Amino acid sequence: MGLEDEIQATEARLGLRLPASYRDRILASADLPGGHQLSLLPVGEIDRFARREAEWLAGWMEGYRSVGTPSTPTEPLPDDPADPATMPAEQLGDTIVVSTTDDMRVLLINPARMDAGGEWEAWDFATWYPGAYRYPSFGHLVARLADEQ
């Protein structure tokens, strides 16, 4: 099975069309910028956060409910990451895990937050953040990771 076939099979399994910036990165066989312990999962292994990380999700949501962090407004995000405390926590379980999980940090793409061009928000989520750093697209997130080096 070729890579495009694997992407299409994953899209069929998820019932979603993956965003262009993520698809382009996978098709280019590119991983994340060096210097990070995270790496992209093979496309056939990506899945919803609720399925891959059910225990983490349950624990985080329990803490979230006790603190009562507000959901975010629906306006598009700027190029810079949004305040992690404003993430729409109710969407966390439906985000798609696209990276390995390292030290309780993971990269996610969010099909519930799609722009007019079909790009999804991308989230850098970790237990030590008050939520997730949110980016307008996976491409924006990857660019930010490259800048951190």
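The values are calculated or read from the model by the stated rules, or taken from the named source; none is laboratory data. Predicted model, so just to flag it, every value in this text is computed and none were measured. For neighbour counting, all protein chains shown are included, and Cβ atoms are generated from backbone atoms with ideal geometry for every residue, glycine included. SASA here: full protein model, heavy atoms, side chains in, ligands and nucleic acids out. Shrake-Rupley method; radii C 1.70, N 1.55, O 1.52, S 1.80 Å.
Residue pairs whose Cβ atoms lie under 9 Å apart, sitting 6 or more positions apart in sequence or on different chains, and linking a residue in segment 124-137 that is acidic (Asp, Glu) to a partner that is buried (at least 21 other Cβ atoms within 10 Å of the Cβ), are Asp124/Val106; Asp124/Leu107; Asp124/Leu108; Asp124/Ala132; Asp124/Arg134; Asp124/Tyr135; Asp124/Leu141. Summed over segment 4-23, residues that are surrounded by 14 or more Cβ atoms within 10 Å (Cβ to Cβ) and in a helix (DSSP H, G or I) total 10.
Selection within segment 94-126: residues that are among the small types (Gly, Ala, Ser) and closer than 17 Å to Asp24 by Cα. The member of this set that is surrounded by the most Cβ atoms within 10 Å (Cβ to Cβ) is Ala122.
I'm trying to understand the selection: among the residues of segment 90-149, which are among the hydrophobic types (A, V, I, L, M, F, W, C), touching a Leu at 6+ places or on another chain (Cβ under 9 Å) and assigned to a helix (DSSP H, G or I)? Within segment 90-149, Leu92, Phe138, Leu141, Val142, Leu145, Ala146 qualify.
Annotation note: of Tyr129, Tyr135, the sole residue that is surrounded by 13 or more Cβ atoms within 10 Å (Cβ to Cβ) and under 19 Å from Met61 (Cβ atoms) is Tyr129. Only a single item in (1) closer than 27 Å to Met104 by Cβ; (2) open to solvent by less than 70 Å² (accessible area, probe 1.4 Å); (3) in a helix (DSSP H, G or I) is not met by Ala30, and it is number (3).
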